[in-house]
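Trainee: Okay, handing you the structure first.
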């Protein structure tokens, strides 16, 4: 296998799965926003094969969490909060953060769990499980001891103000060597990620415009926009872009220390779930 | 899996992992990353006792090949049914009544020696023995009825 990969000089594992030697901070987002990123949703919202032997498997479908990432901004005050500084109360930023930790933070790239590196299918399926499990586990841990975090579909879920425990968030940041002030917003869309400006049109409903905000023609009602003046801004909403895709790297150098601990947790959970069933 | 996600603390997870591997009698021979726990390649649930498994937790070292390693954990350990800690189950199996012929046959195999016969020494009644005396009652002649 190593010969086929051109990795004869590597001792043992492919370099993607050997321990990281340097402590250089990992770039956020993992993929440059100007580049295309393959879809994660396609992998995790579809059926996943769970191998019980090297050849035989059963398929499961995990709970869908890669959704509701289009925030609707309805006031100037709230829009300024979003664009002013990173804030983990927003569900898309929470999801981007957890995807980043589970992949880039662990040192696992898309080529390991998707394709690109020649790996036995049993192991590739395990890495898919690992990424999903770690995303869910970190989201759970962000809820603190009171488990205040909520997922799409939960009664307490709110995409614009999803509860989380700040102390737990900082602890997870420390585990992965990330500054708690890191920016996990997807700023690649219109108006630096805020989205497109929509205005209300009589008999038509909301209509997308190409204008900028702030500083454009249209204004929210709490900043002076009036329907009678024809400059009332209805809401700002981004395009339907799977933002988390940019937070999973296409390639990694190798496993991180935190990643190894998390992989061990995933192995325990994986074996426990199947053999303990 | 959902319960594993919502475990408040995974500190005891290694013990749990060990317990599951031990109970399920699976062989740890699948390496997914160096220094990570080895996991069983074959995770079909085996209900019967198996000869030839090794449950010691081991980590993949840097030279370990990715995938199934048939050269790993070749030590075999004979697994056999043992009595549980604290003795056998107190729950009586369906055939456990002594009069049941199945039970008799099983017990005969398990205990070839005949069971000890216990004799009870009962105290003798030395004081106040009841002596039944039969005193002949006076035989009265039947009255003649004139």
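Trainee: State whether one or more residues within the stretch A:244-253 are surrounded by 20 or more Cβ atoms within 10 Å (Cβ to Cβ), in contact (Cβ under 8 Å) with a residue 40 or more places away in the chain and within 14 Å of chain B (Cβ to nearest Cβ).
Mentor: Kept after step one, since they are surrounded by 20 or more Cβ atoms within 10 Å (Cβ to Cβ), are these residues of the stretch A:244-253: A:244-249, A:252.
From what is left, the residues that are in contact (Cβ under 8 Å) with a residue 40 or more places away in the chain are A:244-249, A:252.
Pick out the ones that are also within 14 Å of chain B (Cβ to nearest Cβ) and you get A:252.
Yes, there is a match, as at least one residue in the stretch A:244-253 is surrounded by 20 or more Cβ atoms within 10 Å (Cβ to Cβ), in contact (Cβ under 8 Å) with a residue 40 or more places away in the chain and within 14 Å of chain B (Cβ to nearest Cβ).
Trainee: Residues in the stretch A:109-153 that are facing chain B (nearest Cβ under 9 Å) and assigned to a loop (DSSP other than H, G, I, E, B): how many?
Mentor: Within the stretch A:109-153, residues that are facing chain B (nearest Cβ under 9 Å) and assigned to a loop (DSSP other than H, G, I, E, B) number 3.
Trainee: Right, here's the next one. Where residues in the stretch B:8-22 are within 9 Å of another protein chain (Cβ to nearest Cβ) and at pLDDT 75 or above, which of them is nearest to residue A:255 (Cα to Cα)? Step through it out loud before you land on a result.
Mentor: At the first step, the residues of the stretch B:8-22 found to be within 9 Å of another protein chain (Cβ to nearest Cβ) are B:8, B:10, B:13-14, B:16-17, B:19-21.
Checking the rest, the ones that are also at pLDDT 75 or above come to B:16-17, B:19-21.
Values: B:16: 25, B:17: 22, B:19: 28, B:20: 27, B:21: 26 Å.
Checked the stretch B:8-22; the qualifying residue nearest to residue A:255 (Cα to Cα) is B:17.
Trainee: Any idea which residue in the stretch A:73-85 is farthest from the chain's Cα centre (by Cα), counting only those that are part of a loop (DSSP other than H, G, I, E, B) and either at pLDDT 90 or above or farther than 27 Å from residue A:248 by Cα (or both)?
Mentor: The qualifying residue farthest from the chain's Cα centre (by Cα) is A:75.
Trainee: For the subset of the stretch A:113-124 comprising residues that are modelled with pLDDT of 85 or more and within 20 Å of residue A:135 (Cβ to Cβ), which member is surrounded by the fewest Cβ atoms within 10 Å (Cβ to Cβ)?
Mentor: That would be A:124.
Trainee: Among the residues of the stretch A:74-87, is there at least one that is within 12 Å of another protein chain (Cβ to nearest Cβ) and either touching a residue at least 12 places away in the same chain (Cβ under 8 Å) or surrounded by fewer than 23 Cβ atoms within 10 Å (Cβ to Cβ) (or both)?
Mentor: no
Trainee: Among the numbered criteria (1) under 19 Å from the mean Cα position of the chain (by Cα); (2) in contact (Cβ under 8 Å) with a residue 40 or more places away in the chain, which single criterion is violated by residue A:120?
Mentor: So residue A:120 meets the others, but not (1).
Trainee: State whether one or more residues within the stretch A:254-269 are more than 14 Å from chain B (Cβ to nearest Cβ) and not in a loop (DSSP other than H, G, I, E, B).
Mentor: No, there is no match, as no residue in the stretch A:254-269 is more than 14 Å from chain B (Cβ to nearest Cβ) and not in a loop (DSSP other than H, G, I, E, B).
Trainee: Considering (1) surrounded by fewer than 17 Cβ atoms within 10 Å (Cβ to Cβ); (2) within 12 Å of chain A (Cβ to nearest Cβ); (3) modelled with pLDDT under 75, say which one residue B:5 fails and leave the rest.
Mentor: (1)
Trainee: If you don't mind, another one. Could you please give the count of residues in the stretch B:59-75 that are more than 8 Å from chain A (Cβ to nearest Cβ) and either at pLDDT 85 or above or over 22 Å from residue A:256 (Cβ atoms) (or both)?
Mentor: Number satisfying all stated conditions: 7.
Trainee: Can you find a residue that is within 14 Å of another protein chain (Cβ to nearest Cβ), farther than 28 Å from residue A:162 by Cα and buried (at least 22 other Cβ atoms within 10 Å of the Cβ) anywhere in the stretch A:92-108?
Mentor: So far as the stretch A:92-108 goes, no, none of its residues is within 14 Å of another protein chain (Cβ to nearest Cβ), farther than 28 Å from residue A:162 by Cα and buried (at least 22 other Cβ atoms within 10 Å of the Cβ).
Trainee: In addition: How many of the residues making up the stretch A:159-172 are farther than 15 Å from residue A:137 by Cβ and in a helix (DSSP H, G or I)? It would help to see each step written out before you state the result.
Mentor: Residues of the stretch A:159-172 that are farther than 15 Å from residue A:137 by Cβ, as a first pass: A:159-163, A:166-167, A:170.
From the residues that got through so far, the ones that are in a helix (DSSP H, G or I) too are A:166-167, A:170.
Final tally of qualifying residues: 3.
Trainee: I'd like the residue in the stretch B:24-48 that is modelled with pLDDT under 85 and more than 8 Å from chain A (Cβ to nearest Cβ) and, out of all such residues, is farthest from residue A:139 (Cα to Cα).
Mentor: B:48
Trainee: A further question on this structure: Would you please list the contacts, defined by Cβ atoms under 7 Å and residues six or more apart or on different chains, that run from a residue in the stretch A:51-63 that is more than 10 Å from chain B (Cβ to nearest Cβ) to a residue that is surrounded by fewer than 12 Cβ atoms within 10 Å (Cβ to Cβ)?
Mentor: A:59/A:47; A:61/A:47
Trainee: Identify the single condition in (1) surrounded by fewer than 16 Cβ atoms within 10 Å (Cβ to Cβ); (2) modelled with pLDDT under 65; (3) assigned to a loop (DSSP other than H, G, I, E, B) that residue A:3 does not satisfy, given that it satisfies every other one.
Mentor: It fails just one condition, (3).
Trainee: Of the residues that make up the stretch A:208-220, is at least one assigned to a loop (DSSP other than H, G, I, E, B), within 14 Å of another protein chain (Cβ to nearest Cβ), surrounded by 14 or more Cβ atoms within 10 Å (Cβ to Cβ) and more than 24 Å from the chain's Cα centre (by Cα)?
Mentor: Step one: filter the stretch A:208-220 for residues assigned to a loop (DSSP other than H, G, I, E, B), giving A:210-218, A:220.
Within this subset, residues satisfying the condition of being within 14 Å of another protein chain (Cβ to nearest Cβ) are none.
Checking the stretch A:208-220: not a single residue is assigned to a loop (DSSP other than H, G, I, E, B), within 14 Å of another protein chain (Cβ to nearest Cβ), surrounded by 14 or more Cβ atoms within 10 Å (Cβ to Cβ) and more than 24 Å from the chain's Cα centre (by Cα).
Trainee: I'm told residue A:175 meets every condition in (1) more than 18 Å from residue A:256 (Cβ to Cβ); (2) surrounded by fewer than 18 Cβ atoms within 10 Å (Cβ to Cβ) except one. Can you identify the failing condition by its number?
Mentor: (1)
Trainee: Name the residue that is farthest from residue A:94 (Cα to Cα), counting only residues in the stretch A:174-192 that are touching a helix residue (DSSP H, G or I) at 6+ places or on another chain (Cβ under 7 Å) and outside any loop (DSSP other than H, G, I, E, B).
Mentor: Across the stretch A:174-192, the extreme among qualifying residues is A:192.
Trainee: Here's another thing I want to ask about it. Which numbered condition trips up residue A:156, out of (1) free of Cβ contacts under 8 Å to residues at least 24 places away in the same chain; (2) assigned to a helix (DSSP H, G or I)?
Mentor: (2)
The values are calculated or read from the model by the stated rules, or taken from the named source; none is laboratory data. This structure is a prediction, so every number in the text was calculated from the model and none was measured. Neighbour counts are summed over all protein chains in view; Cβ atoms, including those assigned to glycine, are modelled from backbone coordinates with ideal geometry.
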